[in-house]
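For reference, the structure discussed in these notes is given below.
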Amino acid sequence: MAVTGDTVVWVGQDGPGRALHPGAEIVDLDGAFVAPAFVDAHVHATATGLHLSGLDLTTVHDGAELLAAVRDAVRPGEVLIAHGWDETTWTSPRIPSRAEIDAAAEGAPVYLSRVDVHSALVSTALVDLVPETRDADGWSAEGPLTRDAHHHARKTVRAAISPAQRHRAQDAFLRHAAEHGIVSVHECAGPDISGEADLTDLLALAAEPGRPEVVAYWGERDATDLARRHGLRGLAGDLFVDGALGSHTACLREPYTDDTGSTGARYLDADAIAEHLVTCTEAGLQAGFHVIGDGGVTEVVRGFQIAEKTVGQRALAARGHRLEHLEMIDTEQAALLAGWAVSASMQPRFDALWGGDNGMYATRLGERAPALNPFAMLAATGVVLAFGSDSPVTPLEPWESVRAAIHHHTPGSGLSARAAFNAHTRGGHRAAGVNDGMTGSLTPGAPAHYAIWDAAELVVATSDSRVQRWSTDPRSRVPALPPLDPGVPAPTCLRTVRGGRTLFEA
Ligand SMILES: [Zn+2]
């Protein structure tokens, strides 16, 4: 592969390549694997950065361990932010009480987000910073805060973070992304998630040379001025139609299997969804929503149908609107969304984490669980798939996402390695409105966004079942990806290049 400036100019065999580019700097890959760099289509930069440098609760095994971790980490005069507890994986599912959190926190404001970031355990000192949290929907005097009470708590935490703390977090996030072969992230910002100051700082940081691209979305209605002010791609991302399954707030058509009195929460109806679609379509912006449950998806599809009556199918499709998560969707709905050229920004590791006979999906949804995250059906129906992490919900490990998409818990729902890889590369660029047919691939004329991986020890099976060492030589006709069978180590990143400029080098 030859690169001039920011562009791939030639791809082919080694000898002729060197002859054609006599003065070129030569990078000998020494058996390493080069591929288009990844796009992460759904991230929360600052939250992830705080997580990278903060307290990790993903490995605690019960409430007692969580309390001990808080006791160790708490510092007088500072807000303690920690993330990742998941009582469904604990040896005992009992969640610590507010009084227990207070005792461990020794008077400090403490915010401990659940793994799905749709609920959080907090200390009384945190609530005292914004007392109206106690009157909000989702308030609990004892247990985790959900819904509006949780949004209040999150806002409180955000206000308590210093600009220096935020800068460190965003810098850590962008470096971390580059270290994992990622050249572009879709930041899902919003008024209840991160705030405008956070977005301003992130975009300024991302404008520095040598950083991954940050495509920013803002999850708010009636915010076209804000979108213009920041040059955003759209009013999309985490504009919440519903919540999450783990927190019992995803909007369902039928009640939760483990909470038969509840069908979850719905924050927007079809008319509001339609209005947003029309506003964005007319303003030249992408629209989009966070939607997970089948009740939420039904509402979104109705919203598109209503919007189509105003602006027409072609104008809607021309904007390439997008939906985040889209976990519970049937074939008929998928076909309708494909007709409006909607992209599905999905997180394959959700299935890896929560799918299967004994997973959280099965607990919450019973027999409905195996139909979740139907990647193969969506791809076959013509919906553009764009994969991501929803970091900090799952880590920035794109090869693990590709692996999870291949090895779906439900037979028939997974993708081929090639399709899964495309969804994490070209699909991401497409979901951000880049539809030139080249960006995200390594063909002449494409932007030189690539990553080099240590996959040298891996062997690949050829179509005629011979086994070969990985080769980048196009003549060898081996499948163009390293194997991602369960247990095989994922490739490790040696270098990440965006537009010909190195972002990371091991
Ligand atoms: Zn999100």
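The values are calculated or read from the model by the stated rules, or taken from the named source; none is laboratory data. Predicted model, so just to flag it, every value in this text is computed and none were measured. Using ideal geometry, Cβ is built from the backbone for each residue, glycine included, and neighbour counts are taken over all protein chains shown. The protein model used for the area step is the full one, side chains on, heavy atoms only, and it has no ligands, DNA or RNA in it. Shrake-Rupley method; radii C 1.70, N 1.55, O 1.52, S 1.80 Å.
Report, to the nearest whole %, how much of the accessible area of the stretch 227-320 belongs to carbon and sulfur atoms, 1.4 Å probe, protein only.
Within the stretch 227-320, the accessible surface is 43 percent carbon and sulfur.
Which three numbers, in whole Å and largest first, are the semi-axes of the equivalent ellipsoid of the stretch 219-431 derived from its Cα gyration tensor as √(5λ)?
26, 20, 15
Exposed loop sites, defined as trypsin sites (Lys or Arg not before Pro) outside DSSP H, G, I, E and B with at most 10 other Cβ atoms within 10 Å, are absent from the longest region of the chain, namely 95-465. Residue by residue, the stretch 154-160 carries 3J(HN,Hα) couplings of 5, 4, 4, 4, 4, 5, 7 Hz when phi is fed to the Karplus relation 6.51 cos²θ - 1.76 cosθ + 1.60 (θ = phi - 60°); x denotes Gly or Pro. With all protein chains kept in place, the per residue accessible area of the stretch 219-431 amounts to 35 square angstrom at a probe of 1.4 angstrom.
Tell me, what % of the accessible area of the stretch 48-160 is carbon and sulfur with a 1.4 angstrom probe?
52
Working note: Cα gyration tensor of the stretch 42-125, eigenvalues times five, square-rooted, sorted largest first, giving semi-axes of 18, 17, 11 Å.
Backbone geometry of the stretch 379-388 corresponds, through the Karplus equation with coefficients 6.51, -1.76 and 1.60 at θ = phi - 60°, to 3J(HN,Hα) couplings of 5, 5, 7, x, 7, 6, 9, 10, 8, x Hz, x marking Gly and Pro. In the chain, helical runs assigned H by DSSP with n ≥ 4 each contribute -39500 (n - 2.57); averaged across all residues and rounded to the nearest 500, the mean residue ellipticity at 222 nm is -10000 deg cm²/dmol. Placing +1 on the Cβ of each Lys and Arg and -1 on the Cβ of each Asp and Glu in the chain, which of 428, 20, 7 has its Cα farthest towards the positive end of the resulting dipole? Positive-end residue among those listed: 20. The chymotrypsin sites (Phe, Trp or Tyr not before Pro) of the stretch 161-239 include none that DSSP puts in a loop with a beta carbon having at most 14 other beta carbons within 10 Å. Under 5 Å between amide hydrogens, built in the peptide plane, is the criterion, and for residue 119 it picks out 114 among residues at least 5 positions away or on other chains. With Cα atoms as the point set, the stretch 410-456 shows a radius of gyration and Dmax of 12.8, 39 Å. Size descriptors for the stretch 1-158: radius of gyration and Dmax over Cα atoms are 24.3, 73 Å. As a fraction of the 1.4 Å probe accessible area of the stretch 380-450, surface on carbon and sulfur atoms comes out at 53 percent.
Thinking of the chain as a set of Cα atoms, what percent of all their pairs are more than 33 Å apart? Tail of the P(r) past 33 Å holds 39 percent of the pairs. In the context of the full set of protein chains, residues of the stretch 48-160 present 43 Å² of accessible surface per residue (probe radius 1.4 Å, heavy atoms only).
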